[in-house]
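The values are calculated or read from the model by the stated rules, or taken from the named source; none is laboratory data. Not measured: the values here are computed from a predicted model. No Cβ is skipped: glycine too gets one built from the backbone with ideal geometry, and neighbour counts run over all protein chains shown.
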Amino acid sequence: MSLIEKIQNEEKPMNIEERLEALQKELNAWKRYTRGLIATGVLIIVGALVVGCMLGKDKISAQRFTLVDARGKPRAALGMISGGQPALVMFDSQGLSCATLGIDPEGRTVLVMGDAQGQGAALSIGLDGTPSLLMFDAQGKTRLGFGVNHDGFPMIGMRDAQGKIRVSLGLDLGVMPLMAMYDAQGQHRVSLGVDSEGAPELWMSDAQGKTIWSAP
């Protein structure tokens, strides 16, 4: 069976478009989690007090700690955020968060790095161990995403300024490379791939998703 036939007909294992769609859903979820983590991390500083008690000779227990510089400005905070999860937030000289390391309310590990405008990156590890890396533009919108799905296959997704997926790249069935391109409405229009025998294949569709040309 050709790669095009696999794309159009195969249900198990998922074809590359289904895998890429699943990845995009996961990346969108990560964006919500990481943005929420940044916001809640900043709240750690608000009214932060080093409230602790000695539990033993060399043990200290507290809900939050704040590290300040020589001018008394907070530069880092370690504490519990919403959902009862720990987070470490670091701030620049202006008091703006620039890095956050923590665990979101769902139990996922997240590392967020960025500037005051929202441009930056977020690295996360899913509950099942699958990693993903998101990159944001100056408006804080996801523009580029890297990930590894549940089967261990790598994937890349690129989005436009409106958040629509425009290009995706991955390995179909783990061994066959496939690149898919989408129009401004997010509708798949072109797929270019290599089948299991090393032969190139091309598939084009119209705005309604109907195949209009394919080769071979």
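I'd like to check something: does the range 107-121 contain any residue that is farther than 22 Å from residue 141 by Cα and at pLDDT below 85? Yes, the range 107-121 contains a residue that is farther than 22 Å from residue 141 by Cα and at pLDDT below 85.
Those residues that are of a type outside the set (Gly, Ala, Ser) and over 24 Å from residue 197 (Cα atoms), I need them from the range 151-178; list them, please. Walk me through how you get there before you give the answer.
In the first step, residues of the range 151-178 are kept if they are of a type outside the set (Gly, Ala, Ser); the result is 151, 153-156, 158-160, 162, 164-167, 169, 171-173, 175-178.
158, 159, 160, 162, 164, 165, 166, 167, listed by residue number.
Residues that are in contact (Cβ under 8 Å) with a residue 24 or more places away in the chain and over 30 Å from residue 201 (Cβ atoms) do not occur anywhere in the range 169-181.
To keep it simple, each residue is scored yes or no on (1) more than 25 Å from the chain's Cα centre (by Cα); (2) within 22 Å of residue 141 (Cβ to Cβ); (3) surrounded by fewer than 16 Cβ atoms within 10 Å (Cβ to Cβ).
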site: 155; (1), (2), (3): no, yes, no
site: 158; (1), (2), (3): no, yes, no
site: 163; (1), (2), (3): no, yes, yes
site: 184; (1), (2), (3): no, yes, yes
site: 190; (1), (2), (3): no, no, yes
site: 195; (1), (2), (3): yes, no, no
site: 209; (1), (2), (3): yes, no, yes
site: 212; (1), (2), (3): yes, no, yes
site: 215; (1), (2), (3): yes, no, yes
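Condition test on residue 207, is it within 27 Å of residue 98 (Cβ to Cβ) and assigned to a loop (DSSP other than H, G, I, E, B)?
Numbers: within 27 Å of residue 98 (Cβ to Cβ): no; assigned to a loop (DSSP other than H, G, I, E, B): yes.
So residue 207 fails the test.
One residue alone among 163, 152, 126, 83 is modelled with pLDDT under 90, touching a Pro at 6+ places or on another chain (Cβ under 7 Å) and farther than 30 Å from residue 71 by Cα, and that residue is 83.
Condition (residue is closer than 30 Å to residue 197 by Cα, charged (D, E, K, R) and without any contact (Cβ under 8 Å) to a residue 40 or more places away in the chain) applied to the range 137-149: is it met by at least one residue? There is no residue in the range 137-149 that is closer than 30 Å to residue 197 by Cα, charged (D, E, K, R) and without any contact (Cβ under 8 Å) to a residue 40 or more places away in the chain.
The residues of the range 63-104 that are hydroxyl-bearing (Ser, Thr, Tyr) and part of a loop (DSSP other than H, G, I, E, B), listed by number, are 82, 93. Restricting attention to the range 159-184, report how many residues are of a type in the set (Val, Ile, Thr) and farther than 19 Å from residue 211 by Cα. Going through the range 159-184 one residue at a time, the tally reaches 2. Residue 214 meets the conditions (1) in contact (Cβ under 8 Å) with a residue 40 or more places away in the chain; (2) not in a strand (DSSP E or B); (3) not aromatic (Phe, Trp, Tyr) in every case but one. The failed one is (2). The listed residues are 92, 104, 58, 172, and the only one of them that is more than 27 Å from residue 186 (Cα to Cα), among the acidic types (Asp, Glu), surrounded by 17 or more Cβ atoms within 10 Å (Cβ to Cβ) and modelled with pLDDT under 90 turns out to be 104.
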